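The values are calculated or read from the model by the stated rules, or taken from the named source; none is laboratory data. What you see is a predicted model; the values in this text were computed from it and never measured. We place every Cβ from the backbone using ideal geometry, glycine too, and count neighbours over all the protein chains shown.
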C-alpha cells in the first residue's frame, strides 16, 4: 500500500479548508481587495462587444470597471432601475445580475459555480446557474425578482450609497455572518464540497417555496 499517496490525499481537505479560511479572513476587509482599472484588455473588450445587442435591448448602460482580487469586473446598470449586470473576467467569463431592493436586501443571479459557497445572510437571496447564457440568467433573475417581491412583500427603496460601496458593505456583512457561525472553519469543507453543488441550478422559487 502506498502510504505516501494516502497521506497526500488526506492533506487535500486540510488544504481546501485552509484556503477558504484565508479567503474569508481576506474578504472581511474587502476594501483592501478592490482597485480601479484604467481599462480592459482588447480580448475582454471584444467579449463585451459580443453582448452589445443584449445590453442595448435591455437598456443596460456602462457604469464602471474595477478589479476585486484576481477578478476584473465590468459593471452595467439598467437605466432608471436598481438592477445591475456584472461581467466577471476570471478563468472564464461569468455573469452576475443583481437587484438591489434597498441597501440591505438584494437578489443575485450568477453563472459561476461559486454562488453557493457561503451561507446567505438574511435578506440576501442568491441563485446560481453555472454556464447559463446571459439571456437564460436574465430570465431566471427576473422570474425570481417577481417571485420574491410577491411572496415577501418586498418593495423598492432608493439606495443611499454608490454601487461599489454597496458591494463592499455586502461582502463585509456576508463575511461577518460566516464568522458568526459556530465552528465555521470546520464547516467550510462541507460548504465547498456539498452546499455549493446543491445550490447549482436551484432557483429562488425552489429555495423559498
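Numerical summary
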| read-out | value |
| --- | --- |
| Among the residues listed as 146, 135, the single one being under 24 Å from residue 50 (Cβ atoms) and more than 14 Å from the chain's Cα centre (by Cα) | 135 |
| Any hit, the range 87-96, residues being in a loop (DSSP other than H, G, I, E, B), without any contact (Cβ under 8 Å) to a residue 12 or more places away in the chain and either out of contact with any helix residue (DSSP H, G or I) (no Cβ under 7 Å at 6 or more places or on another chain) or surrounded by fewer than 18 Cβ atoms within 10 Å (Cβ to Cβ) (or both) | yes |
| Scope the range 30-52; condition within 18 Å of the chain's Cα centre (by Cα) and touching a residue at least 40 places away in the same chain (Cβ under 8 Å); matching residues | 30, 31, 34 |
| Residue in the range 160-175 that is part of a loop (DSSP other than H, G, I, E, B), within 18 Å of the chain's Cα centre (by Cα) and in contact (Cβ under 8 Å) with a residue 24 or more places away in the chain present | no |
| Residue identified as surrounded by 15 or more Cβ atoms within 10 Å (Cβ to Cβ) and free of Cβ contacts under 8 Å to residues at least 12 places away in the same chain among 142, 148, 107 | 142 |
| Every residue from the range 110-128 that is surrounded by fewer than 22 Cβ atoms within 10 Å (Cβ to Cβ) and either closer than 19 Å to residue 156 by Cβ or at pLDDT 95 or above (or both) | 122, 123, 124 |
| Candidates 104, 31 - the one that is assigned to a loop (DSSP other than H, G, I, E, B) and under 15 Å from residue 163 (Cβ atoms) | 104 |
| Single residue of 66, 84 found to be in contact with a helix residue (DSSP H, G or I) (Cβ under 7 Å, 6 or more places away or on another chain), in contact (Cβ under 8 Å) with a residue 24 or more places away in the chain and surrounded by fewer than 19 Cβ atoms within 10 Å (Cβ to Cβ) | 66 |
| For residue 38: the one exception among (1) at pLDDT 95 or above; (2) not in a helix (DSSP H, G or I) | (1) |
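Yes/no per residue for (1) surrounded by 10 or more Cβ atoms within 10 Å (Cβ to Cβ); (2) within 19 Å of residue 77 (Cβ to Cβ); (3) out of contact with any helix residue (DSSP H, G or I) (no Cβ under 7 Å at 6 or more places or on another chain); (4) at pLDDT below 75:
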residue	(1), (2), (3), (4)
1	no, no, yes, yes
5	no, no, yes, yes
13	yes, no, no, yes
19	yes, no, yes, yes
29	yes, no, yes, no
33	yes, no, no, no
43	no, no, yes, no
50	yes, no, yes, no
57	no, yes, yes, no
